[in-house]
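The block underneath contains the structure these notes are about, expressed in structure tokens.
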Amino acid sequence: MFLAANVADPTPSVPLEDAITTAEQALGGKYNQHPAALEYLALDDGSAALAHVVQIRDEKTGTWVEAFVDAHNNKVLSTTDFVNKLTVCRLVSDT
């Protein structure tokens, strides 16, 4: 059963521009201007985080990822690597 209490507020408290900056700094690339999205990301604990979804590329290193940046705490929650066809999930814990 999925409880509403486990779902993040649908109104982001972090502006898209801040999420892009966070993703660029964390992943070492630049936003590639692909239209960003606002989506829910299911987390291992059963909750759903609201996330800004942006694509970050680095032409020098050949990296290209889709980053899910929490729209409330501005932390990278997960990435999808388009080059290696591998999904890497890094959940940030406050502990």
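Of everything in segment 1-12 that is part of a loop (DSSP other than H, G, I, E, B) and over 15 Å from Val76 (Cα atoms), the residue that is farthest from the chain's Cα centre (by Cα) is Met1. At least 2 residues being at positive phi and without any contact (Cβ under 8 Å) to a residue 12 or more places away in the chain is the threshold, and among the strands (runs of 3 or more DSSP E) wholly inside segment 22-73 not one reaches it. Per the conditions (1) assigned to a strand (DSSP E or B); (2) open to solvent by less than 20 Å² (accessible area, probe 1.4 Å), the sole criterion not satisfied by Ala19 is (1). Of the residues making up segment 64-81, just one is over 11 Å from the mean Cα position of the chain (by Cα) and crowded, with 17+ Cβ neighbours inside 10 Å, namely Trp64. Condition check: closer than 14 Å to Glu66 by Cα and not aromatic (Phe, Trp, Tyr). Does Asn6 satisfy that? No. Of the residues making up segment 29-54, those that are open to solvent by 20 Å² or more (accessible area, probe 1.4 Å) and in contact with a His (Cβ under 9 Å, 6 or more places away or on another chain) number 4.
The values are calculated or read from the model by the stated rules, or taken from the named source; none is laboratory data. Quantities reported herein were computed from a predicted structural model and do not represent experimental measurements. We place every Cβ from the backbone using ideal geometry, glycine too, and count neighbours over all the protein chains shown. Please note that ligands, DNA and RNA were not included when accessible areas were found on the heavy atoms of the full protein model with its side chains. Shrake-Rupley method; radii C 1.70, N 1.55, O 1.52, S 1.80 Å.
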